[in-house]
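Reading through the structure tokens given below for one structure.
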Amino acid sequence: MTVKVRPYVADDERDWLRLRVLAFLDTSYYDNVLQAKERYRNPAIELVCVEAGQLVGLIDVELDSDSRSVCSLKEGKGGMIWHIAVHPDYRRRSIASLLLAEVEKAAHGHRLDYLEAWTREDPAANQWYKRHLFRQHTSYLHVYMDAEEAKRSTHSHCQGVTPVGVFAHYSGDRKEDVRNAFTRVHECRCYVKQLKGESLDANA
């Protein structure tokens, strides 16, 4: 049976959401669940991979507008990979690579200079980006606080409101101190793949 890449259509939404949950379940994004697929303000490349009528892979890339409001680099025109996922039963069949190749073909028509993606420290994801010539550009921390951690680290100005769970970003230079202070901390890494022109310098 062969897989086929085609554009996402509205009727795919339910299967798209299920696939994303399954693909993230054994990663550090296990609790990042969507109940509806995002709609993008800017043009986007939205593709799915199908085998025997089943969605087995997906990728969404939102494109910079003239104001460059999507990507972080602000140099040239970029495309942000918001979602890329492969059904667990279909891993190691180059489905993500096939989806990326189709995005890169479409990127040429949109005159993109680079692709940008953010991911946590899951080894498989990081190795995949590096294998496909993405370079790490920067990073910051995702910090999850449980009730006790939130109690000692945050304060609510609303009487009667007590934080029992907090999600925070940390972009300072004391990352090890933050890792030691909280139980669940993830490094969120920015990867960039230059599609034309000179390569962007990596910070790591």
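The values are calculated or read from the model by the stated rules, or taken from the named source; none is laboratory data. Since we're looking at a predicted model, the values are computed, not measured. Neighbour counts are summed over all protein chains in view; Cβ atoms, including those assigned to glycine, are modelled from backbone coordinates with ideal geometry. All accessible areas refer to the heavy atoms of the entire protein, side chains included, with ligands and DNA or RNA removed. Shrake-Rupley method; radii C 1.70, N 1.55, O 1.52, S 1.80 Å.
Taking (1) open to solvent by less than 80 Å² (accessible area, probe 1.4 Å); (2) in contact with a helix residue (DSSP H, G or I) (Cβ under 9 Å, 6 or more places away or on another chain); (3) among the basic types (K, R) in turn, K196 satisfies each apart from (1). For G79, the requirement of being touching a strand residue (DSSP E or B) at 6+ places or on another chain (Cβ under 8 Å), in contact (Cβ under 8 Å) with a residue 24 or more places away in the chain and more than 19 Å from D15 (Cβ to Cβ) is met. Restricted to region 165-182, and to residues there that are assigned to a strand (DSSP E or B) and not hydrophobic (A, V, I, L, M, F, W, C), the residue that is least open to solvent (accessible area, probe 1.4 Å) is Y170.
Taking every residue in region 7-20 that is in contact (Cβ under 8 Å) with a residue 12 or more places away in the chain and pairing it with any residue that is among the β-branched types (V, I, T) and open to solvent by less than 70 Å² (accessible area, probe 1.4 Å), at least 6 positions away or on another chain, the pairs with Cβ-Cβ distances below 7 Å are Y8/V48; D12/V48; W16/V48. Under the condition of being open to solvent by less than 40 Å² (accessible area, probe 1.4 Å), out of contact with any helix residue (DSSP H, G or I) (no Cβ under 7 Å at 6 or more places or on another chain) and of a type in the set (A, V, I, L, M), which residue from region 74-100 is farthest from V192 (Cα to Cα)? Filtering region 74-100 for residues that are open to solvent by less than 40 Å² (accessible area, probe 1.4 Å), out of contact with any helix residue (DSSP H, G or I) (no Cβ under 7 Å at 6 or more places or on another chain) and of a type in the set (A, V, I, L, M), the one farthest from V192 (Cα to Cα) comes out as I95.
Would you point out which residue out of R18, R6 is open to solvent by less than 80 Å² (accessible area, probe 1.4 Å) and not in a loop (DSSP other than H, G, I, E, B)? It would help to see each step written out before you state the result.
Values: R18 fails: open to solvent by less than 80 Å² (accessible area, probe 1.4 Å).
After ruling out the rest, the residue left standing is R6.
Each row is one residue, and each column tells you yes or no for (1) over 18 Å from the mean Cα position of the chain (by Cα); (2) of a type in the set (G, A, S); (3) assigned to a strand (DSSP E or B).
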position	(1), (2), (3)
S97	no, yes, no
V103	no, no, no
Q127	no, no, no
S139	no, yes, yes
V143	no, no, yes
P163	yes, no, no
H186	no, no, yes
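In region 52-63, of all residues being open to solvent by less than 20 Å² (accessible area, probe 1.4 Å) and touching a residue at least 40 places away in the same chain (Cβ under 8 Å), the one that is nearest to R111 (Cα to Cα) corresponds to L63.
When only residues in region 105-145 that are touching a Leu at 6+ places or on another chain (Cβ under 8 Å) and within 30 Å of T183 (Cα to Cα) count, which is surrounded by the fewest Cβ atoms within 10 Å (Cβ to Cβ)? Only one residue tops the list, namely R135.
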